[in-house]
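Let me begin by presenting the structure, written as structure tokens, before commenting on it.
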Amino acid sequence: MENSSQINSELNSLDEIFRQGKRVFRIPDYQRGYSWEEQQRTDLLTDIEYLIKSGYEYRHYCGTIVASLNEEMGKEFEQFEVFDIVDGQQRLTSVILLLSAICRSKRESETMNKSEYGEVFTKFVQEGPEANAVRKLILGNDQDNFFQSLVKEGITTATDTDTNSKSDQNLRDAVNEFQDWLKNQDIDRVLRCVCENLGFLFYAPENKKEIGIMFEVINNRGKELSELEKIKNYLIYYADKNSMRSIKKLVNDSWPQILSNLNEIDYTSNESENQFLRNCWIVFMDTNKSRSHNVYDNLKLEWPPDGKDTQKNAIKIIEFINFLKKAATYYVRYLKSENVLDKVEKSWLERISCHPADASVTPLILSISDKVTDQNDRNALFELLEKLNFRFYGTGIAGRSDTGQGELFGYANKFFNSFGKVEDGETIDIHWLKEKLIFFVNDNANDKSFVESLTLDKDEAGNFHGWVGLKFFLTSYEENLRQEQGESIHLQDFMALQNPDASNDFYHKEHIWAVKDYDKFSEKEKKEKLKDKDNVDVNKRRLGNFILLKPSLNIKVSNDPPEDKLEGYFKDPKNPPRTRMIRELEGFFEEAKKEEEKSGNWQRRVRNYWINIYKRFLDTREEKMINFALRRWKVSGLDSKISEVRLDSLKSRNKVYTTIP
């Protein structure tokens, strides 16, 4: 057999690369999955169309294929050379998918040339009877079965249900696109072009030591890999280099499960996968936030392939892989809550998932999920975590000081790694974690800070319309009002955003006292109202002035003054508002009018008459909302407790609220 290890400066056709069907190409498990998306596949098809139009006058460069002769595996194939693909697997996989689609279209055609179809199929797809078939391109362990079913049968009902990862979805999309494209092509001309006119540089180095350098090149070039993909590749490389079959098998068995779970919660982007990995690394290994953004690099430093303690490291690697697998299931429990049997635990997890931010507490969710088995203890910890997260991060208090993430990450890591142990005179258990979380709230988001975050003094900047936690707060308030009436709501339904592709029935935040309500008054009334504009402005920005409405209801009354809005909300008897927070507004407004009339100002109809009513109205509503918040997010054990808040924005002092211990 002639020497296969050579640098060929000429472009090789697909037929030459496969040596008329006498070569088998294998994509090692440590390689990334199939990642070509629509743009890359469209470029390939466009090149083929151009070549056909040009009359096949030249061979078109399609890239480089770097391969390593696998002599050990070659022993299993008596008449074939076996090569491991080092670089070029994406384009080679795409071309074989296209050829297989061509073969299927010819097989299904009444005018197919059986001998030609059989020759192409044998050279590039599969040779021999099914039981002893030699497959000419073999993908990594977790994709090969799916790939082989696609190249032989195309898209079927069976394969349609086997899509568990981004790579599987990319394979399916490729087959669909190629099949649709071929419907408008001359199949014979496309086949000739693919086999003869697509040209590749083929390089097979003799020096096996180059594989380490090649591995790094693969992991850091071309289409960006997620950190999760990189460490999968590295761990298999580590296992191969140190002859650790158990680790390799564990990775190959675990990754499809991990990706399937992440796919279930739509964690399919690189950033989503990276976020999942960062949180796992924080819990398992390192609480440093900046280092958690480079798990791949730090994992290599922690477990180098040529290190002295490879066997000792192997134990830790196995533990880490098993934790990743469990953590992916915890993510599904947390973000979908469908597999959570206990209703109380489910309710707290759903609430955290609806918060505007959860990055600081997600590692703790993983730690608690892994270590706490008693249901009551789990419920109590998740309740405390929800209250901590909303009080500190949901209100924005965290933005005014240190974010506290490092402290919480430290608790998550210590609880996971030292659970049941005694360290520095402390037993790391459930009571330890509860105390730490309560101390955290006491130091960072006590009742005084909490109330301050929910109120605006007269000279205070800020606008609750821009508060990212407003929708969740209003939804929680609505939930409380309904619970008082024996009713319930589904939080996710209220929190859902508008779907631009479908007319979903969504809620959004709106002003009660409209920003442009002056347009509804006469010129004289406008001038009188504008005299107190600065004082009015802060009231339009305060928490009590916001409500959840459906767009169809708001558009009819958007700039009306409050008294007109309260009537306008109920003008359409066929479509009345269904929220309890709207139904209570009229009572608040009537109470405000009575209070203002008691003052005697109403008889003279001074310029502040309506403005004072609006302020009293918002005071009454906001007071109820803040006192609800103190009950709803109450944390026992705080040093400074506030039992009730009173509001009065008509007093001359700047501070609008007073607190009752």
Calculate the length of the line joining the C-alpha centroid of segment 305-340 to that of segment 277-291, in whole Å. 12
Which whole-number percent gives the relative contact order of the chain, counting Cα pairs below 8 Å spaced six or more residues apart? 11
Could you work out, for the chain, what percent of all Cα-Cα pairs fall into each 20 Å distance bin, beginning at 0 Å and stopping at the bin that holds the largest distance? 15, 36, 28, 18, 4, 0
Report the full-extension gain for the segment Glu590 to Ser488: residue separation times 0.36 nm, less the Cα-Cα distance, to one decimal in nm. 34.0 nm
Column: log10 I(q)/I(0), Debye, Cα scatterers of segment 328-465, q = 0.14, 0.19 Å⁻¹: -0.67, -1.12
For the pairs Lys336/Lys565; Lys289/Lys436; Lys312/Lys414; Lys326/Lys421; Lys248/Lys371; Lys136/Lys248, flag any whose C-alpha to C-alpha distance is greater than 30 Å. Lys336/Lys565
Label Glu224 and Phe439 with points 7 Å out from Cα along Cα→Cβ: what is the distance between them in nm? 3.9
Tilt of helix 362-371 relative to the longest C-alpha principal axis of the chain, in degrees (0 to 90, nearest 10)? 80
Cβ crowding within 10 Å averaged over residues, with 648-655, 271-278, 299-306 ranked highest first: 271-278, 299-306, 648-655
What is the Cα centroid distance between segment 165-201 and segment 242-276, reported in whole angstrom? 29
Fully extended, how many nm does the chain gain between Asn322 and Ser599 (0.36 nm per residue separation, minus their Cα-Cα distance)? 92.7 nm
Write down the accessible area per residue of the chain in Å², having rolled a 1.4 Å probe over the full set of protein chains. 47
For a protection proxy built on the mean count of beta-carbon atoms within 10 angstrom, sort 407-418, 179-190, 362-373 highest first, please. 362-373, 407-418, 179-190
To the nearest 10 degrees, how steeply does helix 245-264 sit against the main Cα axis of the chain, on a 0 to 90 scale? 40
Packing-wise, with mean Cβ within 10 Å as the measure, how do 348-358, 76-86 rank, highest first? 348-358, 76-86
Label points 7 Å out from Cα along the Cβ direction at Asn463 and Asn575: separation in nm? 2.7
Under 18 Å Cα-Cα from Lys316, which aspartates and glutamates qualify once same-chain neighbours fewer than 8 residues away are excluded? Asp240, Asp253, Asp286, Asp297, Glu302, Asp306, Asp370
For His60 and Asn298, compute 0.36 nm times the residue count separating them, minus their Cα-Cα distance, and round to one decimal in nm. 81.5 nm
Over segment 534-595, consider all pairs of different Cα atoms and compute the Kirkwood hydrodynamic radius from their mean reciprocal separation; express it in Å, one decimal. 12.8
Using only Cα atoms, what Kirkwood radius does segment 328-371 have, in angstroms? 10.5
Spatial separation of Cα centroids for segment 25-54 and segment 78-92, in angstrom: 15
Leaving ligands, DNA and RNA out of it, report the carbon-plus-sulfur percent of the accessible area of the chain at a 1.4 Å probe. 45
Given points 7 Å out from each Cα along the Cα-Cβ axis, report the Gln169 to Lys308 separation in nanometres with one decimal. 4.7
Taking the 0 to 90 degree range and rounding to the nearest ten, how far is the long axis of helix 310-336 tilted relative to the main principal axis of the chain, both from C-alpha atoms? 50
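The values are calculated or read from the model by the stated rules, or taken from the named source; none is laboratory data. Keep in mind that this is a model prediction, so the values were computed, not measured. Ideal geometry is used to build each Cβ from the backbone, glycine not excepted, and the neighbour counts take in all protein chains shown. SASA here: full protein model, heavy atoms, side chains in, ligands and nucleic acids out. Shrake-Rupley method; radii C 1.70, N 1.55, O 1.52, S 1.80 Å.
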